[in-house]
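Everything below concerns the one structure shown next.
Bear in mind these aren't lab numbers, they're just calculated from the coordinates by the rules spelled out. All values reported here derive from a predicted model rather than from experimental measurement. All Cβ positions, even for glycine, are placed from backbone atoms using ideal geometry, and neighbour counts span all protein chains on display.
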Ligand code: ADP
């Protein structure tokens, strides 16, 4: 078992735990913030990349469109100016290229000689004349002439009839005739229409596309939504003679905190993680508290077990010792490690077989699992000394209620046994002294009693001798009579001596079943002997069906003699002669108990005397030893009975009562019956 931790160690651990937990929470917060930031950033990057890709593709598409246009217009320039097929070819071209709004043929002096307007649009120069809006076109054509290659003009705004107008750029292609410059073909392109073809329909729904000038002013726009200005990509579309800045602006704004499922998921998981960590922390805290409480309970239990003076021993189902408390180890003198052997070292070698058998019987039987009373046995200390123990065994149950072994309480009763032996010896000695005291008393009584028959014998003998000196006819019958008297008196004296002798001699300790009449008869001669001295009458009151008792005859006779003697002595002084009656009564009110009463008409017992009555050596008589009643009580108690006293039923006197077990007695102590 672990040693209990000191308060400072506990505080240190608590501090370390809270620091670690704070660090964990901090790390989690940082990790989660980073995760959210990265996710938001990823979203932004992704949107930006997407718009860049759209921008690149749109620029490419626009450039491709313009170059295709250039090629087709060049193809147109190869046909003769006067050729009749030119206008239909131009019209055909404009139908396939909706951004082409007008095609002109110009002569070498930049004068428009012919033109075709797109059939899908209102004529471009209906509000303002071509001439007024031709500056940029003229410059492009001059430059094309110089370079001898097609050139685009700068864009310019053409107001139109519906009040709107359009930003237009012209493509001027020099026409050569026989290797010499011979006019131009000019195509006017509507920039918004050009933008329409730069985006796919899907892109056009999410993106705004526009062409802008160097200062940021917008020339033309297309696409579904208005751009938010957050995700913007710009591309330069380089064209011969000019360049156009293309701007693609996503309709989507900055990603909000939960812009989509991914981020929501990340955030949700983060929150979940945080909740789990909080719950985990709470669980860990509770667990730590429970652990602390458990450790405290364990150390308290260990302290309790260690301070027990009773031996505790646990065994598994094979009978091997699995645990023993310090008191048990101290009792047998073996350490816990030494006890882990198949045969316990504290079994005396001569009893090993017997104990093994007993263990098999006890531990194996179902009965043993319910049996809680102790049994006495002998163990051996390490120094070889044998000593008696009382063992209380109970089944050891595990958490599921299954029996996993046996738990025993072991009491070393060697001190108790030697005390009992000592007390038994003392008791025996006391009883012997009391018996001798009684005998002494008897001897004096006997001398008094024997006096009479001996005096009678002596006088009859003298009379007989006198008769023999002068014999006559009457002598023989008188002598016969005298000798008969002598024999009678001698027999009487013999009876007196025998009664004392048999009382002194009887020493058997064994309990026997006896009729109560026999008990009374056994003590009667001695009681009468005492009673006669003070002129006390002795009355015997036995029921018709004489009850039997189970007792040690000698001891109970002594109790009866003591109580009778006390009763006679109590009546000796103050009780009038006619009231001096000693009653010995026997009753059975209970199947298992027989009650004896010794009743006198003496002065009774004063309360101060009553308190000390059963104390050894307490006496109120000068010649008394004060042992009688205390011995009587211990004799009766040894039989399982009770001895007490009350005032007698009449005007004065005392009644001493005691109970003795009837044969086949029960174990309980008998109550003294109300009347007996
Ligand atoms: P002992 O007879 O040697 O004095 P006991 O133990 O027999 O010792 O009696 C103790 C005392 O109890 C007696 O001295 C007496 O005072 C009192 N006692 C005992 N029996 C009676 C009785 N029947 N009536 C009055 N007093 C009694």
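Structural size metrics of region 168-262, computed from C-alpha coordinates, are Rg and Dmax of 18.3, 69 Å.
For the chain, the relative contact order works out to 7 percent when only alpha carbon pairs closer than 8 Å and six or more residues apart are counted. Extents of region 109-205, taken as max minus min of Cα coordinates on every principal axis and listed largest first, are 49, 31, 22 Å.
One way to sum up the overall shape of region 277-338 is the equivalent ellipsoid from its Cα gyration tensor, whose semi-axes run 36, 14, 8 Å, largest first. Both radii come from the Cα set of region 199-322: Rg as radius of gyration, Rh as Kirkwood radius; their ratio Rg/Rh reads 1.68. Classified by the C-alpha gyration tensor, region 159-210 has an oblate form. Its axis ratio a/c, with a ≥ b ≥ c, is 1.5 or above, and a/b does not exceed b/c. Where only DSSP H runs of four or more residues are counted, the chain gives -16500 deg cm²/dmol as its mean residue ellipticity at 222 nm, each run worth -39500 (n - 2.57). By the Stokes-Einstein formula, at 0.692 mPa s and 37 °C, region 16-174 with its Kirkwood radius over alpha-carbon pairs has D equal to 166 µm²/s. Run the quick spin-label model on residue 35 and residue 262: label points 7 Å from Cα toward the beta carbon, then report their separation in nm to one decimal. About 1.5 nm, to one decimal.
Bridge orientation summary for the chain: considering DSSP beta bridges with both residues in this region, about 95 percent are antiparallel. Looking at the calculated P(r) for region 108-162, what percent of the C-alpha pair distances fall above 14 Å? Tail of the P(r) past 14 Å holds 62 percent of the pairs. Normalised by the number of residues in region 108-164, the mean separation of alpha-carbon contacts (under 8 Å, six or more apart) gives a relative contact order of 38 percent. Anisotropy class assigned to the chain is prolate, per the alpha carbon gyration tensor with a/c at or over the 1.5 cut-off and a/b larger than b/c.
Would you mind classifying region 291-417 by shape? Square roots of the alpha carbon gyration tensor eigenvalues, ordered a ≥ b ≥ c; an a/c under 1.5 is rounded, otherwise it is prolate if a/b is larger than b/c and oblate if not.
Working: a/c = 1.75, a/b = 1.23, b/c = 1.43.
Note, shape of region 291-417 comes out oblate.
Directionally averaged projected area (region 506-603, Cα convex hull): 6.5 nm². When each of the peptides 297-307, 645-655, 101-111 is scored by the mean number of other C-beta atoms lying within 10 Å of its residues, the order from highest to lowest reads 101-111, 645-655, 297-307.
In nm, what is the difference between 0.36 nm times the number of residues separating residue 608 and residue 296 and their Cα-Cα distance?
Numbers: separation 312, 0.36 × 312 = 112.32 nm, distance 5.56 nm.
Fully extending the segment from residue 608 to residue 296 adds 106.8 nm.
If you model region 451-491 as an ellipsoid using its alpha carbon gyration tensor, with each semi-axis the square root of five times an eigenvalue, the axes come out at 20, 10, 5 Å, biggest first.
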